[in-house]
Structures are given as structure tokens and as C-alpha cells.
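Colleague: Sharing a structure below in C-alpha cells format, with a few things to ask.
The values are calculated or read from the model by the stated rules, or taken from the named source; none is laboratory data. As the structure is a prediction and not an experimental result, all values here were calculated from the model. When we count neighbours, we look across all protein chains shown, and the Cβ atoms used for this are built from the backbone with ideal geometry, even at glycine.
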């Protein structure tokens, strides 16, 4: 019985000419890919030992469409459905409604476009909109997006540090915009990794194995969580009035340079893969976490104003959590090194 997509079959090797092994291919697969005798097939030997067969002229990325009907979506949930379609790898998203789009619907669509990368409005009417991706999943290297996330995160934390010791608040007035950009890059990496899990062509374009792709998504998630805490520190700094001035050479701010140096080292090791440097960075981060924990526990033993203590405690907690997520980042790097060493055996 012929097999179909997702099904399995067992085929036996045949010896031809005394030195060549051959195996027949399923006819439904040949027909579905419009192949005929003498057409080229790319054979890829994966590190797991599996062989991947792909028609030589296959499109680099299969175009996919997701159709969303507002009449079947709960009120206020359009954004979540759009993000689900985006992360699933859809190249085109169609949104339709029986009646005219409400102001809230248009607002959710604009929010989706701000939160993602590469999507633009193709066609639009009063009751429908067609969103089209202009960015191929295999075009932008994952490490480039990770590096941009790192630069946005580290620059915001550095600016928060300066404001907390007395610089102008204007330095961090754009903190929400910076967080949105990091979120957008995180979503983009999640989308790309999802596409490469489904398509060997995308994985080949990105120059990564699928396991490496998943670890890159984990790295992006750690950076995004760090940015969440940087965002919280910036918000707290701007909204606290009067704001206590913290000292650069005292806890908790004195440990921010430790975090910055450690994360910089970890980012460098995205390329160099030096296990000793990664462990050294993770050890310094762990020591910083423990010091901050002790600092927080001792804050309330004195007689200082409660408002200052609460502000300092929340800043310290965010720095401590940033250190924790940086250690997770380093652990993901070690996982990648371990996997690469298995591949070379």
C-alpha cells in the first residue's frame, strides 16, 4: 500500500552492478514533487546518521497562508492569533470580518506589525487585511539578531546605572521602545527556529543544525527575560519620586559592572566556544547573585526610610535576576559545545 506524508515504510536495499546499492522511492512522493527519471535529488547525510532527500529544484521556503476570521475569534484575542501565525512561520496572514473592522481591531493589527519583523500590509479594505512577510526565514543570521538584542540590553542597563547615580532621566526615556525591539528580535528568532525545524533548506541557509537552532532560541529567551528586568528597573527609576540616589561603588550598583563583563564574555563565546571562559563568567555571576541576596536580606535591619529600602530592594532583585538569566545563557552555550563535540566523534 502506498505511504503518505507522515507515514513510514520499510524498503530493502538492492545491489546493482556488484558495487552500487540502490533503493526505490515511494511513487506518491515522486508525484507530489513533480519528479521524473533523471531529475536531481539532493542527498544530505545528517549528523544523527539519517539521510535527507530533497528535490534539487525545491523552493527554499514553502509559502504558507493562515486565514483568520474575526467572527470566530474572542474579542481582544486577535493579537494572540496573529502572533501564533507569525511564530508558526506563516508567510501570509489574511484577516477577514463580516462587518467593518473596529478601532480596537485596527489597533491590534498595528500592534502586531510593531512587535514583529518583516511583515507589511499587502491589501486592505474596511473588512479585510492581507499581511505579507517580506523577510525569508533563512536570510538573517540568528547570531546577528542575538548580538543586536545584547547591544540594546547592555546599553539600557548602562544608561540606568548612570541615571541612578545622578545623570539626566532623558538617557532612559526610550526604554519602552528598546524593550519592544528586543521583543521583536526574540519573536523573529523563535519564528526562524520554528521554520528551520520544518525545513532543511532554511536550516542550511542559516548554517546551523536544528539542535543548534533550538539553543539559539533559548539564548534569545534569556536575553529577552533580562530585558524584562531592565525595563522594570527603568520604569521604577523614572516613576519613583523622590528617587533615592544610589552609589556606584556600593551594592547593588557595584555589581552591575560584574554582570556587564560576564555577559560580554559569554557573547564573545558564541563564536569562540571557550568552556573555561564560560565557566569563569558563570562563577562570577553566581558570586554576584549570592552577594545581592545577602544585601537584600540585610537591608531591613537598619533604620533607614522604608521608601528608600523598598526602592533599593527592587533594584537589587532585578540585578540579581539578570545575573541568574545570564548564567542560564552560559549554560546554553555549554550545551552547544557539548553537542558539537558529540558531532565530531
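Colleague: Checking the conditions here, which among 171, 188, 151, 164 is assigned by TED's automatic domain parsing to the domain that holds residue 315 and under 14 Å from the mean Cα position of the chain (by Cα)?
Modeller: Selected residue: 188, the only one of 171, 188, 151, 164 that is assigned by TED's automatic domain parsing to the domain that holds residue 315 and under 14 Å from the mean Cα position of the chain (by Cα).
Colleague: In the list 191, 204, which residue meets the criterion of being surrounded by fewer than 18 Cβ atoms within 10 Å (Cβ to Cβ) and not in a loop (DSSP other than H, G, I, E, B)?
Modeller: 204
Colleague: Among (1) touching a helix residue (DSSP H, G or I) at 6+ places or on another chain (Cβ under 7 Å); (2) part of a loop (DSSP other than H, G, I, E, B); (3) more than 21 Å from residue 155 (Cβ to Cβ), where does residue 246 come up short?
Modeller: Against the list (1) touching a helix residue (DSSP H, G or I) at 6+ places or on another chain (Cβ under 7 Å); (2) part of a loop (DSSP other than H, G, I, E, B); (3) more than 21 Å from residue 155 (Cβ to Cβ), residue 246 comes up short only on (3).
Colleague: So which residues in region 64-96 are assigned to a loop (DSSP other than H, G, I, E, B), surrounded by fewer than 18 Cβ atoms within 10 Å (Cβ to Cβ) and touching a strand residue (DSSP E or B) at 6+ places or on another chain (Cβ under 8 Å)?
Modeller: Selection gives 64, 88.
Colleague: Out of curiosity, is residue 255 farther than 30 Å from residue 173 by Cβ, buried (at least 18 other Cβ atoms within 10 Å of the Cβ) and under 28 Å from the mean Cα position of the chain (by Cα)?
Modeller: no
Colleague: Among (1) surrounded by fewer than 15 Cβ atoms within 10 Å (Cβ to Cβ); (2) touching a helix residue (DSSP H, G or I) at 6+ places or on another chain (Cβ under 9 Å); (3) at pLDDT below 95, there is one condition residue 121 misses while meeting the rest; what is its number?
Modeller: (3)
Colleague: Let me ask something else about it. Can you tell me which residues in region 28-47 are part of a loop (DSSP other than H, G, I, E, B), modelled with pLDDT under 85 and in contact with a helix residue (DSSP H, G or I) (Cβ under 9 Å, 6 or more places away or on another chain)?
Modeller: Correct list: 46, 47.
Colleague: Kindly evaluate residue 155 against the criterion of being surrounded by fewer than 21 Cβ atoms within 10 Å (Cβ to Cβ), out of contact with any helix residue (DSSP H, G or I) (no Cβ under 6 Å at 6 or more places or on another chain), free of Cβ contacts under 8 Å to residues at least 24 places away in the same chain and part of a loop (DSSP other than H, G, I, E, B).
Modeller: Answer is no for this residue.
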